[in-house]
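Here's the structure, in structure tokens; my notes come after.
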2 protein chains.
Amino acid sequence: MASNKPSVPKGTRDFSPVEMVRRNYIFDTIKSVFRKYGYQEIQTPSMENLSTLTGKYGDEGDKLIFKILNSGDFWGEAEKQQQKAEAFQFSSRSLLPVLSEKALRYDLTVPFARYVVMHQNEISFPFKRFQIQPVWRADRPQKGRYREFYQCDADVVGSESLLNEAEFVLIYQEALSKLGLRDFTIKINNRKILTGIAEIIGKPELIVDMTVAIDKIDKIGLDGVEKELLERGFTSGDIEMLRPVILLKGDNAEKLEKLKAVLEPTSVGKAGIKEIETIFDYLARLSSSSLPNVELDITLARGLNYYTGAIFEVKTNEVAMGSIGGGGRYDDLTGMFGLKGLTGAGISFGADRIYDVLDELKLFPEQSSEITKVLITNFDQDAEKYALPLLFSFRNKGIAAELYPSAAKIKKQMAYADSKNIPFVLLIGSEEIQSGELTLKDMKSGQQEKLTKEELIKKLS
Amino acid sequence: MASNKPSVPKGTRDFSPVEMVRRNYIFDTIKSVFRKYGYQEIQTPSMENLSTLTGKYGDEGDKLIFKILNSGDFWGEAEKQQQKAEAFQFSSRSLLPVLSEKALRYDLTVPFARYVVMHQNEISFPFKRFQIQPVWRADRPQKGRYREFYQCDADVVGSESLLNEAEFVLIYQEALSKLGLRDFTIKINNRKILTGIAEIIGKPELIVDMTVAIDKIDKIGLDGVEKELLERGFTSGDIEMLRPVILLKGDNAEKLEKLKAVLEPTSVGKAGIKEIETIFDYLARLSSSSLPNVELDITLARGLNYYTGAIFEVKTNEVAMGSIGGGGRYDDLTGMFGLKGLTGAGISFGADRIYDVLDELKLFPEQSSEITKVLITNFDQDAEKYALPLLFSFRNKGIAAELYPSAAKIKKQMAYADSKNIPFVLLIGSEEIQSGELTLKDMKSGQQEKLTKEELIKKLS
């Protein structure tokens, strides 16, 4: 516990060069797909006015917002406050508005809503934006849960078209495939289907209880779910009606047929079915022979307090891991800031989890354009002088190159190339200077070959 | 002053899609050059322990650090503190350690030093890193000064070689040229030359006063500088000796010759001259016929409380603007965290100012791979069905493409393409569906041409 040893705040992380190459690989891949589908990047400030964030994430969320202490004489302000109102009681809650006016971004959705309302006159709707920035939460840190982490969101606002939902499926499919994942499932559900089911049994107020219970089918089985439904206020009669839904099986078409029968009496339920069908129809027209791995999953019930239509969740089947993505449609993103009636839909990628999946499956590419291609060793002053115009020529041809900056021991120079994953080392000694043929060592295979300057440039380009 | 209207904290900014394309263009260009010279990216957390930052930026800097309010019952903690020490006086200063343990990054240098010390056993020195991340300062916001802004730094630690300094000049030269700047000056000076001059007149303790006064030569002229030197404690005799230095003129070689004569009696001054000469020699060997625009500038005196060798500053001559970059060598980066004797050198780019320069000179590229290449209009359901496989084909060939998601008025769809700077719009009506020849409109020239699907893909790829 040496007090002098520097550390980072718990729940935060440094990213080393190797980690950055890998993180950039993930983010660049996802960005390229977002852009291909017409999504454009925006960024919002790390800090928002506290009033912009408060009350948007529930009471628990509010507690997890990192607040920024006001600059200047914050205590003087607190005392003024007390003088104004004698009844002022000092407490963390009462002091907060005096001590803090700003807070760190808690997610990307609320700042995006604020952005849309603030810039509504400059925006041409539908507005398709993506945003990849860190967010901060004063959560208890634990494995895989950080106080600072990146979110990676794409949202469209101002378009009701289900083409957007279909394209989100394709974005997931393309981005995850590009990252090398082979076996993953894009689960889809629709809030209206869930609402329809709750309506049929005449208990719309219990929709959340119902979905929470049904969601446990894989863990606790049919008996467990039925027991839980009873405890949550459903009758045996309700459960009887729910059974075909709880036990829904088969491919997407089969599930849809069965659901149609159950939901026939409810207009909202039928609307949900129709939406799913439309999305599947778009997908069929927007794909070649191989359809994306989409699976209608009636137990998918995330974000029920804001999603109003489609709900998405993505899981990898290659590694035991929670969801690596999710999203859905929300009918009123910007109402909280006074702009009503703007519908939107969005998805996000769980970058940290995707990192862990790629790491476990060894899917990160070995080579990267972010890494120096060749290190020229530095034997002595003569060799250095010989090397400098060569270094210029390499860089002039766009080859990332380094000359070791001093005539250190060759072992040290080799270790340097090794630690940076530099694939080639060029050895220049007096012999090489005389012959003009230089020795290039392939660091992976260990093989060496003699090459002229022109041959070197050709090989390394 | 409608209280409901959302806003961002003063001194912070949203970045729109157009601004992001331009900012990415600047950062991507600089990054590609950093990487070409062997610099690797790292990232550090946005928040550091307050103790990591306090005392590193002087008293004024400490005041400008944004502190994060502790989570949980911060006031309860303050009261406990008082109970422990009855003499505890409530004030902003005394309460700070109780209310806040973390703070936002104030620059990239101190977190980098902390990183090097924490990870010293994993790092293979020399360690060449770059870092492009936001920093936060509770400064009074004004034109061109923000409370959140990006810094863009490259540093090498663990290498004394002046090759590093020469490469920094080349990095500036290459990055700024790539961005389209044609007339800029990379100014170089050496702290040892300044120390040598102060030594000769026997007033080393007045080195800062001397450089501050000399630095004003352009603004207040020789008389003004001499007057200020007198006020700052120099004698007429000192000023007599300083005059050749204050009036130094000519090209780099001429200046070096004159300085050599003046500095002959001081070993430190001569060492400074030698360093500049070595850097110039590296530059001559590392360049083709055209040498970089480097200028020895003896009045350059930035960062004197940390730079110990070379000092850099970059100015554009095409627009009235402060410096767009700067840096230098420091002998003890990590000493503040207990790791002594590690020398380093670094430079930074002023991204916000470079943005303004490129904007004023209209140097941002019109086309960007970040922007959708073609928008397919949506006339009606039939046209949409016809368009979907086409949309798939475009994307399958890597072409960023969008289908307008509803059959809105064509004028609205065109305005959408316009606002997103989409260069081509594909018009599909019943005529086009029948003939199989589609109408492609070039949004810039306004010209239209009829093309088959294969011709379209060829043209847009």
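Just so it is clear, none of the values below were taken in a lab; they were calculated from the coordinates. Because the structure is a prediction, the values reported are computed rather than measured. Cβ: placed from backbone, ideal geometry, glycine included. Neighbour counts: every protein chain shown.
Each helix, a run of at least 4 DSSP H residues, gives -39500 (n - 2.57); summed and divided by the residues of chain A, these come to -13500 deg cm²/dmol at 222 nm. Computed 3J(HN,Hα) for the range B:307-317, one whole-Hz value per residue from the Karplus formula 6.51 cos²θ - 1.76 cosθ + 1.60 where θ = phi - 60°, is 6, 10, x, 4, 10, 10, 8, 10, 10, 8, 9, glycine and proline marked x. Neighbour counts of C-beta atoms inside 10 Å place B:457, B:26, A:30, B:347 in the sequence B:457, B:26, A:30, B:347, starting with the fewest.
For the range A:402-419, the Karplus equation 6.51 cos²θ - 1.76 cosθ + 1.60, evaluated at θ = phi - 60°, returns couplings of 9, 10, 4, x, 8, 7, 6, 4, 4, 4, 5, 5, 5, 4, 4, 4, 4, 5 Hz by residue, with Gly and Pro reported as x. Plainly put, the tip 7 Å out from Cα toward Cβ on residue B:264 is 11.0 nm from that tip on each other copy, the closest given first. Against the main long axis of the alpha-carbon atoms of chain A, helix A:17-36 sits at an angle near 60°.
Take every residue in peptide B:60-70, count the Cβ atoms of other chains within 10 Å of its Cβ, and give the average of those counts. Average per residue, whole number: 4.
Given R0 = 22 Å, the distance between the Cβ atoms of residue A:442 and residue B:397 translates into a calculated FRET efficiency of 0.05.
Counting from the shortest, the label point at residue B:385, 7 Å from Cα toward Cβ, is 7.9 nm from the same position in each remaining copy.
The string of couplings for the range A:53-67 from the Karplus curve (6.51, -1.76, 1.60, θ = phi - 60°) is 8, 4, x, 9, 10, x, 4, 5, x, 3, 5, 8, 6, 6, 9 Hz, one whole number per residue in order, with x for Gly and Pro.
Per residue of A:143-150, other chain Cβ atoms within 10 Å of the residue Cβ number 1 on average.
Among the residues of B:400-413, the average count of other protein chain beta-carbon atoms within 10 Å of the residue beta-carbon is 4. Taking Cα atoms only, the orientation of helix B:163-178 departs from the longest principal axis of chain B by about 40 degrees.
Principal-axis analysis of the Cα atoms of chain A puts helix A:217-231 at an angle of about 30° to the longest axis.
Could you pull out which residues in the range A:343-379 have an amide N less than 15 Å from a spot 7 Å beyond the Cα of residue A:430, following the Cα-Cβ vector? In the range A:343-379, the label zone of residue A:430 (backbone N under 15 Å from the point 7 Å along Cα→Cβ) covers A:379.
Residue of chain A with the Cβ closest to the rotation axis carrying A onto B, and that distance rounded to whole Å: A:69, 2. Relative to its residue count, the range B:371-460 spans a Cα convex hull of 84 Å³ per residue. Between the amide H of residue B:38 and those of A:401, distances stay under 5 Å, these residues lying 5 or more places away or on another chain, with hydrogens modeled in the peptide plane. Taking other C-beta atoms within 10 angstrom as a stand-in for reagent exposure, A:137, A:93 fall in the order A:93, A:137, fewest first. Each copy carries a label point for residue A:96 at 7 Å from Cα along the beta-carbon vector; from one copy to the others these points are 2.5 nm apart, nearest first. The count of lysine pairs in the range A:321-447 with alpha-carbon distances below 13 Å, taking only pairs 8 or more places apart or on different chains, stands at 6.
As a rough footprinting exposure proxy, the listed residues A:159, B:430 were ranked by other beta carbons within 10 Å of their own, and the order from fewest upward is B:430, A:159.
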